[in-house]
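The values are calculated or read from the model by the stated rules, or taken from the named source; none is laboratory data. Treat the numbers as computed from the prediction; the structure is a model and nothing was measured. Methodologically, a virtual Cβ is constructed for each residue, glycine included, from the backbone with ideal geometry; neighbour enumeration extends over all protein chains shown. Quick note on the areas: whole protein, heavy atoms, side chains included, nothing else; ligands and nucleic acids left out. Shrake-Rupley method; radii C 1.70, N 1.55, O 1.52, S 1.80 Å.
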Amino acid sequence: MNHKDNIYSLIEKEKDRQLRGLELIASENFVSSDILNVIGSILTNKYAEGYPNKRYYGGCEIIDKIEQIAINRAKKLFKANYANVQSHSGSQANTAVYLASIKPGDIIMGFDLSHGGHLTHGASVNFSGSIYRSIFYGLNKETGLIDYEKMSLIAIEKKPKLIICGASAYSRDIDYKKFREVADYIGSILVADIAHTAGLIVTGLLNHPFPHCNIITSTTHKTLRGPRGGLILVGNDFEHEKSLKKQKMSQLIDKAVFPGCQGGPFENIIAAKAIAFKEAMTKEYLFYAKQIIRNAKALSKSLMDKGYNIISGGTDNHCILVDLRNKNITGKEAENILVTADITCNKNMVPFDNKSPLITSGIRIGTAAITTRGLKENDMENIANWINEVIINKSNNLKIKNIKNEINNFMKNYPLFNNKILN
Ligand code: DSN
């Protein structure tokens, strides 16, 4: 660290890093200036434990209105009858949903982490895999698609109390109806975690989990392009028996978020979520969401043309999972060498990977952030070229430096998204 560094100078350096490079991390994005301003507003000063009109602190009259606007917009955007906008993250949203709907020791069924699922879907290193007994479904080895048949057989045999669908690294759309059929058959609660794809779902570009799923959890900062945070939604509210007492699922979730697993809500973030929900209802956002998918399809095709193996042979969403096993490079090496050329992505397990999660055989690429910067389909061939050139010249520092310069000059043409006031 440079001895002159301080937090402000480091923020400037980070801003330069974000602007000059190609941001391909599938879970990242760039928020609008409105959202950034609201995150940095004085709303952060206020304690407001509880819910609108039911708080444990005085002086919440204005905060109540803000949170209510966020709730109303979330319900409208996701076609839900109930929304809780207080979860600090997607993981905390999932924590609250489990707390609301099942008991310690119950069986949950999730998407295998090494096939594209998330830690909170039952991984042994996560609370979800230690408090609950987890079982998993995964991909078909040949097609790279979710093996719905096997999922049904496992579920019917083990009868999980809760099934969670949704993914962190799956590039295809999800057939929620198939999950519903199984959930109905065994009487389990069905949850969709749409953290990655929320923005593509609310614009109608991907299948909507409602009415098939009972509950949706999400983050607000990936394709949805809002502040870093979580969200819980219920389509049709229903009575649920927990601890011999029947209560509405919406009430159980409210209690599970606060006081169940969180304290005071971040009202600056909740206000920023409200802005993001409104942005996501605009025509401009629909164009943006369509472009995310067009870019992902074009990039996936360009990489395949260069001999890269793409899991499932393409993508329906913002995400591309590249299997590097035919390229003589691990995921870890690829992530590290790409970052030296200012191409940021993350190493990722590929299905049936024989390498550890710290090494991996693949990388995950996403197009949400570069699409916000304004890149279009015809730029994807360039990006595929740069990725390929860096990987095949991994020991050639001069070549990589030249590519980095090319990328830095190219990205100067795409200043950060700056949208109009939409509050
Ligand atoms: N870390 C997020 C992602 O990158 O997908 C999920 O929590």
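When the Cα positions of Ala369, Val182, Ile63 are compared along the charge dipole of the chain, Ile63 comes out farthest toward the positive end, with charges on each C-beta of Lys, Arg, Asp and Glu.
Applying a length cut-off of 30 Å (Cα extent along the axis) and a mean Kyte-Doolittle floor of -0.5 to the DSSP H helices of the chain leaves 283-305. A straight line joining the Cα centroids of segment 271-330 and segment 360-415 runs 14 Å. Between Leu22 and Ile343, Thr344, the built amide H atoms are under 5 Å apart, and every one of these is 5 or more places off in sequence or on another chain.
The HN-Hα couplings worked out from phi for segment 118-125 by the Karplus form 6.51 cos²θ - 1.76 cosθ + 1.60 (θ = phi - 60°) are 10, 3, 6, 8, x, 4, 5, 7 Hz, whole numbers, x standing for Gly and Pro. Under 5 Å between amide hydrogens, built in the peptide plane, is the criterion, and for Lys242 it picks out Gln247 among residues at least 5 positions away or on other chains.
The longest stretch of the chain left intact once loop-based chymotrypsin sites (Phe, Trp or Tyr not before Pro) with at most 14 other Cβ atoms within 10 Å are removed from consideration, loops following DSSP, is 58-237.
Candidates Val97, Thr143, Asn72 compared by Cα position along the dipole of segment 1-160: farthest toward the positive end lies Asn72, with charges placed on Cβ. Per atom type, the chain shows carbon and sulfur on 53% of its accessible surface, probed at 1.4 Å.
Here segment 75-208 carries DSSP beta bridges of which approximately 10% are antiparallel, counting only pairs with both residues inside.
Remark: segment 247-381 carries a charge dipole of roughly 220 debye about the Cα centre, counting +1 on each Lys and Arg Cβ and -1 on each Asp and Glu Cβ. Over the chain, the alpha carbon radius of gyration divided by the compact-protein estimate 2.2 N^0.38 Å works out to 0.99.
Classify segment 1-54 as rounded, prolate or oblate, taking a ≥ b ≥ c as the square roots of the eigenvalues of its Cα gyration tensor: rounded when a/c is under 1.5, otherwise prolate if a/b is larger than b/c and oblate if not. It comes out oblate by the Cα gyration axes. With contributions of -39500 (n - 2.57) from each DSSP H run of at least four residues, the per-residue ellipticity at 222 nm computed over the chain stands at -12500 deg cm²/dmol. Only Lys, Arg, Asp and Glu carry charge here, each on its Cβ (+1 for the first two, -1 for the last two); on that basis segment 180-276 has a dipole of about 240 debye about its Cα centre. Using only side-chain charges placed at the Cβ, +1 for Lys and Arg and -1 for Asp and Glu, the dipole size of the chain relative to its Cα centre rounds to 220 debye. Work from the charge dipole of the chain (Cβ charges, +1 for Lys and Arg, -1 for Asp and Glu, about the Cα centre) and give the residue of Ser302, Pro209, Asn385 farthest towards its positive end. Of Ser302, Pro209, Asn385, it is Pro209. Centre-to-centre separation between the Cα atoms of segment 10-69 and those of segment 113-180: 32 Å.
Is segment 135-176 best put as rounded, prolate or oblate by its Cα gyration tensor, with a ≥ b ≥ c the root eigenvalues, rounded for a/c under 1.5, and otherwise prolate when a/b is larger than b/c, oblate when not? Taking the square roots of the gyration eigenvalues as a ≥ b ≥ c, segment 135-176 is oblate. Rounded to the nearest whole angstrom, the semi-axes of the ellipsoid equivalent to segment 3-103, taken from the Cα gyration tensor as √(5λ), stand at 31, 20, 15, largest first. Within the chain, the longest run free of exposed loop sites, counting trypsin sites (Lys or Arg not before Pro) that sit outside DSSP helix and strand states (H, G, I, E, B) and have at most 10 other Cβ atoms within 10 Å, spans 142-411.
Spin-label pair Ile186-Tyr56: with each label point 7 Å from Cα along the Cα-Cβ axis, the two points sit 3.7 nm from one another. Computed from the alpha carbon atoms alone, the convex hull of segment 243-300 holds 176 Å³ per residue. Tell me whether segment 286-423 comes out rounded, prolate or oblate; compute the Cα gyration tensor, take square roots of the eigenvalues as a ≥ b ≥ c, and use a/c under 1.5 as the rounded threshold. Oblate shape, in that a/c is at least 1.5 and b/c is the bigger or equal ratio.
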